[in-house]
1. Give me a count of the residues in the range 65-117 that are under 15 Å from PHE131 (Cβ atoms), aliphatic (A, V, I, L, M) and touching a Leu at 6+ places or on another chain (Cβ under 7 Å).
2. All but one of (1) crowded, with 16+ Cβ neighbours inside 10 Å; (2) outside any loop (DSSP other than H, G, I, E, B); (3) hydroxyl-bearing (Ser, Thr, Tyr) hold for THR136; state the number of the condition that does not hold.
3. Pick from SER107, SER31, SER112: which is hydroxyl-bearing (Ser, Thr, Tyr) and over 26 Å from ILE140 (Cβ atoms)?
4. Given the conditions (1) in a helix (DSSP H, G or I); (2) open to solvent by less than 80 Å² (accessible area, probe 1.4 Å), and given that LYS149 satisfies all but one, which numbered condition is not satisfied?
Amino acid sequence: LFEEIYQNLEMGYDPENLEYVTFCLMHLLASLKYIDQFREIKNIKEQDIIQKSILFMKDNLEKKITLEDIAHHISYSSSHFSNLFFKKTTYPPMEYYHHLKLQRAASYLQFSDLKIKEIAFRLGYYDPFHFTKSFTKEMILTPSAYRNKYKKSNFIENSGAIDEKKS
């Protein structure tokens, strides 16, 4: 705010410019007097940046993106974005992105008939073995076991509903 006031004063002292500078000065003084509210608003804006980056990650799960791509999308440097993201989520951005990919894989396993290697390729794993290893490490089940477990529980739920309709 101070910088904006200074730059506007450099542009001249016409009445409109001075009036604008006066309002900016009031804003600057209010931000000093009500520092807690000012900081809270700043935190909300930072959280918006994190939400925007997460949405970008979700929109690009089937593409290969880098930390630089995400940081560029929100107009931050990679290091600053990475530090900010870690503070807000306790995860490094690319690890978070990896978790989102595995969540999408779980969704494909539950709600589609795609083959495991198709899911792997769709999510940017060019080796189905690597995908299976990564998925198993995170979910504690292999992709096929995960799919079978879901289909079994789905079958039991549906057959229970059919039994109730018969009675």
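1. Summing the residues that are under 15 Å from PHE131 (Cβ atoms), aliphatic (A, V, I, L, M) and touching a Leu at 6+ places or on another chain (Cβ under 7 Å) in the range 65-117 gives 2.
2. It is condition (1) that THR136 fails.
3. On the way: SER107 fails: over 26 Å from ILE140 (Cβ atoms); SER112 fails: over 26 Å from ILE140 (Cβ atoms).
Criteria check complete, one pass: SER31.
4. So LYS149 meets the others, but not (2).
The values are calculated or read from the model by the stated rules, or taken from the named source; none is laboratory data. Note that this is a predicted model, so its numbers are computed, not measured. Neighbour counts are summed over all protein chains in view; Cβ atoms, including those assigned to glycine, are modelled from backbone coordinates with ideal geometry. For accessibility, only protein heavy atoms count, side chains too; no ligands or nucleic acids. Shrake-Rupley method; radii C 1.70, N 1.55, O 1.52, S 1.80 Å.
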